[in-house]
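Engineer: Have a look at this one.
The values are calculated or read from the model by the stated rules, or taken from the named source; none is laboratory data. Quick caveat, the model's predicted, so the values are computed rather than measured. Using ideal geometry, Cβ is built from the backbone for each residue, glycine included, and neighbour counts are taken over all protein chains shown. When the accessible area is computed, the model is the full protein with side chains, heavy atoms only, and any ligands, DNA or RNA have been set aside. Shrake-Rupley method; radii C 1.70, N 1.55, O 1.52, S 1.80 Å.
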Amino acid sequence: MTGDAPPPKGLTPDEAEALAAASRHATAYRIAVTARPIPAAEDAAAAFARFDAPLPASGIPAPQVIDDLAANALPGLTQFTSPRFFGYVAGASHPVGVAADHLVSAWGQNAATSHVTPAVAAIERVMGTWALDLLGLPPDCGVGVVTGATVANTAGILAARHRLLARQGWDVERDGLFGAPAIPVLIGADAHSAPAAGLRLAGFGSGRVVAIDTDAQGRMRPEALATALAACASPPLVILQAGQINTGASDPFAELVPLVRAHHGWVHVDGAFGLWLAAAPGRAAQLAGVEQADSWATDLHKWLSAPYDAALAIVRDRADLTAALSLEGAYLPDRTAHWDPMDSVPELSRRARGVPAWAILRHLGRDGVAELVDRHCRLAERAAGALAATPQIAVMNEVVANQVIFRCGSDGVDGDALTARVLARIHRRGRVYPSHGEWRGRRVIRVSISGYATQAPDIDLLVEEVRAALADCAAT
Ligand SMILES: *Cc1c(COP(=O)(O)O)cnc(C)c1O
């Protein structure tokens, strides 16, 4: 045996050091995140200048690439993972999910088929089943793990397109949309722009879509839907919403879905964040009837704080999802014995993006998810109460979920201008980060509470910062 070289290791020392360095940088970033101002310290031009270098003629050692990356990215990072980030509707990349995501990249699985990557297919399948259980949806729905609610909405719309046209004798996967029967599309006037993008991608266009009247909180009015349904010449696609982005309000599903059923239509629900209200027993009643829909879209990277990017496309009859998305179209052989991820998503090759959500759900458990959702709703009530008690601030929504919108101003003051100045001042101070919005034609500041770590002191600091910014603006 003398003289035999040891078998080669899978990593060179340099490569192993790069992985270790990435882990050290990740941990250091997350430990220090609460000490950093939340907005990025530099703008897009400065960040570009920092990275704008010629491709190196010869390679740079792996650990140095990672060290340079961490150092040069830092000034251009917004602290989405801070418990005091209240912008958009964003999760905070739960550390358990981030840890699992390291493994996903290290394993390098192409998550297309159960034959080649049985572990990934099993984990994503179980994660989907857990999610259906938490969301109160039928356990045998088809579930696709996709990048975000925009794609999840698109997948639901494509499944609806398949079924509604098939019922009229049209095979859209084979024959396309040229010459196909028209399908009416109805959507709430306060819907998110994501389903509209899905409708464009699905060939429905956005100009033919009928907007249905909503109430003061953005919920679809049943009588307006009934009127629009009566005018439909064929069974429609109706897009409802759980969780309006400004108000957090959900459509009255128990009233709306039966109306659509009576017209043999398809109900799709955009529940990017709002669908998770079902996971908190004290909050679920506002979604009553949502489980009667045909398809649903929800994010994992919002209320569940899965690392970007992950979402679920859920369809009651899995065959409609696979017919619309599988590479093999409607002629898919029965694969129930082999749950192939690629049959339920638009991609063929993709990362195992459902694994981090599996880890987060396992870590939190049913009680943990319920606590998370309920806590965020209670914190929204706390924020709204304190803000409403502040002179010159008006809370603009009924707080029913994790969203609060408010506006600054009083008689004789240009409220839109003051609200914009106050938000800019809050961002410049850097300790909390709500974002801008518009509601009923007026500028608002929007507070979304969806980071896993956010607690009452973070909300109290938010209120303090709003008051301080308002005082700053009044003084200048
Ligand atoms: C965020 C959001 C979307 C879009 O989700 P992405 O994950 O950004 O693609 C769609 N609908 C609603 C209600 C949302 O809040």
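Engineer: What's the long-distance tail for the stretch 1-72, i.e. % of Cα pairs beyond 14 Å? Let's see the in-between values first.
Structural biologist: Details: 1887 of 2556 pairs.
Above the 14 Å cut-off, the stretch 1-72 has 74 percent of its Cα pairs.
Engineer: I would also like to ask the following. Report the label-to-label distance for Arg50 and Ala99 in nanometres (one decimal), using points 7 Å from each Cα along the Cα→Cβ vector.
Structural biologist: Each label point lies 7 Å from its Cα, and together they span 2.8 nm.
Engineer: Okay, next question. Taking a probe of 1.4 Å, how large is the accessible area per residue of the chain, in Å²?
Structural biologist: 43 Å²
Engineer: Right, next: What are the semi-axes of the equivalent ellipsoid for the stretch 80-185, taken as the square roots of 5 times the Cα gyration tensor eigenvalues, largest first, in whole Å?
Structural biologist: Semi-axis lengths for the stretch 80-185 are 33, 20, 14 Å.
Engineer: If you restrict to DSSP beta bridges whose two residues both lie in the chain, what percentage is antiparallel, to the nearest 5?
Structural biologist: Beta bridges within the chain, antiparallel portion: roughly 60 percent.
Engineer: Follow-up question, since we're still on this one. For the stretch 129-240, what are Rg and Dmax over the alpha carbons, in angstrom?
Structural biologist: Radius of gyration, then largest Cα-Cα span, for the stretch 129-240: 15.0, 43 Å.
Engineer: Could you state, as a whole-number percent, how many of the C-alpha pairs of the chain are farther apart than 40 Å?
Structural biologist: Every Cα pair in the chain considered, those over 40 Å come to 27 percent.
Engineer: Ratio of alpha-carbon Rg to the 2.2 N^0.38 Å globular estimate for the stretch 267-406, to two decimals, please.
Structural biologist: Rg over 2.2 N^0.38 Å, computed on Cα atoms: 1.29.
Engineer: How high is the FRET efficiency between Ala122 and Ala475 when r is their beta carbon distance and R₀ equals 45 Å, given to the nearest 0.05? Walk me through the numbers before you get to the answer.
Structural biologist: Numbers: r = 60 Å, r/R0 = 1.34.
E(calc), rounded to 0.05, equals 0.15.
Engineer: Now a separate question. Give the residue from Ser349, Gly179, Val432 lying farthest towards the positive end of the charge dipole for the chain; charges sit on Cβ (+1 for Lys and Arg, -1 for Asp and Glu) and the dipole is referred to the Cα centre.
Structural biologist: After comparing all options, I get Val432.
Engineer: Using modelled amide H (1.01 Å from N, peptide plane; none on Pro or chain starts), what sits under 5 Å from the amide H of Ala310, excluding residues fewer than 5 places away?
Structural biologist: Here the answer is Leu300, His301, since their amide H atoms fall under 5 Å of that of Ala310.
Engineer: Next question. Taking the Cα centre of the chain as origin, sum charge times position over the Cβ atoms of Lys and Arg (+1) and Asp and Glu (-1), and report the length of that vector in debye to the nearest 20.
Structural biologist: 660 debye
Engineer: Using a 1.4 Å probe over the heavy atoms of the protein chains, calculate the carbon and sulfur portion of the accessible area of the stretch 77-121 as a whole percent.
Structural biologist: 66 percent
Engineer: Semi-axes of the stretch 348-476's equivalent ellipsoid from the Cα gyration tensor, sqrt of 5 times each eigenvalue, largest first, rounded to whole Å?
Structural biologist: Working through the eigenvalues yields semi-axes of 32, 16, 14 Å.
Engineer: Could you state, as a whole-number percent, how many of the C-alpha pairs of the stretch 411-476 are farther apart than 14 Å?
Structural biologist: Percentage above 14 Å: 60.
Engineer: How high is the FRET efficiency from Val65 to Ala182, r the C-beta distance, R0 56 Å, rounded to 0.05?
Structural biologist: 0.55
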